[in-house]
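Please read through the structure below; I'll follow up with questions.
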Amino acid sequence: MNSTVVTFPHGHVSGRSTIVGAVPVGERHGLVTTETPFHPLDHTWPDQPADRGTLGGLVVVDCVTGALSAGGEVFLGPDIPVRRGTAGWEWLVVHVTEEPVALGAEVDLVADAAHRAGLSAGHTACHLAALALNAALAGRWRKDVAADGLGHPDFDQSAITSSRITPYGSVDVYRLGKSLRKKGFTAEGLDTDQVAAEANERLKGWVASGAPVRLDVPGPELTARRTWHCALPEGEASIPCGGTHVRSAADLGEVTVELALGEQELTMHTTVHTTVHTTVRA
Ligand SMILES: [Zn+2]
């Protein structure tokens, strides 16, 4: 088995391919094809949920990342002992079904386009919200820190502990501990309403600008190092990303964030208020 060729980075939601592997997933069947439009949950940074849909007419109840070792052993999801894309391993999209399908069978793969559209909108909004948050918190840094694509101190990359994409939204959690203070960030007297209002103002402008979004795809395999790009009025922003996206900030209609401050963390809820028309490509 070779690493699975993935077509979701190009926006595809359907395809046809051959079953080249079958691994047990508890009582269920983990089916691997040569190529797939399905986005699996990543095991290293599980931000975007798995696609839903069907394989050969069977419901795909889950879709996970698999890793095939040089010794021929397949590990799934959290059991994978190495980081995403480690050399010497084959990286697989594993479609989980209740029924088996024979090796060598040719099957239609159909991902749920409406669910994908919601996740793509949520994911693009998540990246834009991170950039807007960086801008709104820029004045709180007392030391030089790595900047984002727009030249603001990268609070998002410095402090993020988890990111969860949902249909038309995301939840990002940032740690405000000692290590962030040492890097020069102060959370003292942080007014979450004011920071959110500033971020929302910026997001409004970006959506109105209709900034185009594209993914740089350096290779066809699941773990290729893809990068999200958005040509914003202030400049081109880029963020490493394994997920799916809409094609323009305008597709989001309206994006707002809410911030909640805890003892040691800041949580950002991002919401896309209008639904995206699904784009289906063969
Ligand atoms: Zn991403």
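Taken together, the values in this text are just the output of simple stated rules run on the coordinates, not laboratory data. Keep in mind the model is a prediction, meaning the values are calculated, not measured. Glycine also receives a Cβ, built like all others from the backbone with ideal geometry; neighbour counts cover every protein chain displayed.
For G21, list long-range residues whose amide hydrogen, built 1.01 Å from N in the peptide plane, is under 5 Å from its own amide hydrogen.
So G21 has HN proximity to V32.
Rounded to the nearest 0.05, what FRET efficiency is calculated for A87 and S162 with R0 set to 35 Å and r the Cβ-Cβ distance?
Here the calculated transfer efficiency is 0.85.
Counting alpha carbon pairs within less than 8 Å and at least 6 residues apart, what relative contact order, in whole percent, applies to segment 138-282?
25 percent
Let me ask you something else. From the helices alone, meaning DSSP H stretches of at least four residues, give me the mean residue ellipticity at 222 nm for the chain, per-run term -39500 (n - 2.57), in deg cm²/dmol to the nearest 500.
-6000 deg cm²/dmol, from helical runs alone.
Find out how many positive minus negative residues lie around D108, taking Lys and Arg as positive, Asp and Glu as negative, among other residues whose Cβ is under 13 Å from that of D108.
Residues close to D108 contribute a combined charge of -1.
Right, something else. Is there a quick way to get the dipole size of segment 114-272? I mean about its Cα centre, with the Cβ of Lys and Arg at +1 and of Asp and Glu at -1; what is the value in debye to the nearest 20?
Result for segment 114-272 is approximately 460 debye, rounded to the nearest 20.
Over segment 85-234, what portion of Cα pair distances is larger than 21 Å, expressed as a whole percent? Walk me through the intermediate numbers first.
Values: 6520 of 11175 pairs.
Looking at segment 85-234, the distances longer than 21 Å represent 58 percent of pairs.
Hey, what did the chain get for relative contact order, percent, Cα under 8 Å, at least 6 apart? List each step's numbers first, then the result.
On the way: 678 pairs, mean separation 58.2, N = 282.
Normalised by residue count, the contact order of the chain is 21 percent.
Can you list the residues, at least 5 places off or on another chain, whose amide H is less than 5 Å from the amide H of S162, using H built in the peptide plane?
V173
Residue farthest toward the positive end of the dipole of the chain, with Cβ of Lys/Arg at +1 and Asp/Glu at -1: which of G88, G169, G184?
G184
Rounded, prolate or oblate: which one fits the chain, using the alpha carbon gyration tensor with axes a ≥ b ≥ c (rounded when a/c is under 1.5, else prolate when a/b beats b/c, else oblate)? Intermediate results must be reported in sequence, preceding the final value.
Details: a/c = 2.30, a/b = 1.72, b/c = 1.34.
Because a/c hits 1.5 or more and a/b exceeds b/c, the chain counts as prolate.
Any lysines with Cα under 19 Å of the K143 Cα? List them, leaving off those in the same chain fewer than 8 positions away.
Partners found: K178, K182, K183.
Near R16, within a Cβ-to-Cβ distance under 12 Å, what is the net charge of the other residues, with Lys and Arg +1 and Asp and Glu -1?
Here the count lands on -3.
Moving on to the next point. Please tell me the relative contact order of segment 189-263 in percent, rounded to the nearest whole number, where contacts are Cα pairs under 8 Å and at least six residues apart. All intermediate terms of the calculation are to be shown ahead of the outcome.
Details: 105 pairs, mean separation 28.1, N = 75.
Computed over segment 189-263, the figure is 37 percent.
Placing unit charges on C-beta atoms (Lys and Arg positive, Asp and Glu negative, everything else neutral), compute the dipole magnitude of segment 5-111 about its Cα centre in debye, rounded to 20.
Value, rounded to 20: 200 debye.
Separate question: Quick one: K204, K182, fewest Cβ neighbours within 10 Å first, how do they rank?
Ascending number of Cβ neighbours within 10 Å: K182, K204.
Answer with one residue from M1, V61, G210: the one whose Cα lies farthest towards the positive end of the charge dipole of the chain, charges on Cβ with Lys, Arg +1 and Asp, Glu -1.
Positive-most Cα among the choices belongs to G210.
Another question about this same structure. On a 0 to 90 degree scale, rounded to 10, what angle separates helix 113-136 from the longest Cα axis of the chain?
30 degrees
Could you state the angle between the C-alpha long axis of helix 192-209 and the longest principal axis of the C-alpha atoms of the chain, as a value from 0 to 90 degrees rounded to the nearest 10?
The angle comes out at about 60 degrees.
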